[in-house]
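Accompanying notes for the structure given below.
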Amino acid sequence: MVQITDIGPLTMIELHALGDGSISIGLIFHGKPSGDTPPAGLTIDMRPDRGAMAGAVWESEEEPPQMSIDLLDLEDEGRIQASFAATLCRRDAPDDCRDVEGRIDTSLGAGP
């Protein structure tokens, strides 16, 4: 699921994926988003447990995550291809942290 919101000079892109758990990635861009411009803000939250709503939440609160965007197309259906790295800590046990890396390659469904 993807939500793209323009608020004045900012564009926010929220990506949510479900499977055995869930992951949410929030991107904030100043002006029009582009693969050439790194996001001004980036958050990553994961619920790795199968019962995603009941499991522990891991979030990127302490250290900012890093993202490399290979492709960001908001025309027609839209598409994002990117890789990320982050240190995620459990919300209920902030000293329990893990380094994670991942890759995104998905349609954004951003068409008219």
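The values are calculated or read from the model by the stated rules, or taken from the named source; none is laboratory data. Nothing here was measured: the structure is a model prediction, and the numbers come from that model. Here the Cβ is made from the backbone with ideal geometry for all residues, glycine too, and neighbour counts use every protein chain on show. Calculation scope for accessible area: heavy atoms of the full protein, side chains included, ligands and nucleic acids excluded. Shrake-Rupley method; radii C 1.70, N 1.55, O 1.52, S 1.80 Å.
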Q: Kindly sort Glu75, Glu101 by accessible area of their heavy atoms, largest first, with the probe set to 1.4 Å.
A: Glu101, Glu75
Q: Once you have all Cα-Cα distances for the chain, histogram them in 10 Å bins from zero and send the whole-percent values.
A: 14, 45, 31, 9, 0
Q. Carbon and sulfur together cover what percent of the accessible area of the chain at a 1.4 Å probe radius?
A. 49
Q.
Could you compute how much accessible surface Ile104 exposes when probed at 1.4 Å, giving the result in Å² to the nearest 10?
A. 20
**Q.** For peptides 92-100, 29-37, sequence by mean Cβ density within 10 Å, most packed first
**A.** 29-37, 92-100
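Just the number please: accessible area per residue for the chain, 1.4 Å probe, all protein chains included, in Å².
Solvent-accessible surface per residue comes out at 61 Å².
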Q) Tell me, what is the percent relative contact order of the chain, built from C-alpha pairs under 8 Å that lie six or more residues apart? A) 19
(Q) Nothing charged except the Cβ atoms of Lys and Arg (+1) and of Asp and Glu (-1): what's the magnitude of the dipole of the chain about its Cα centre? Round to the nearest 20 debye. (A) 160
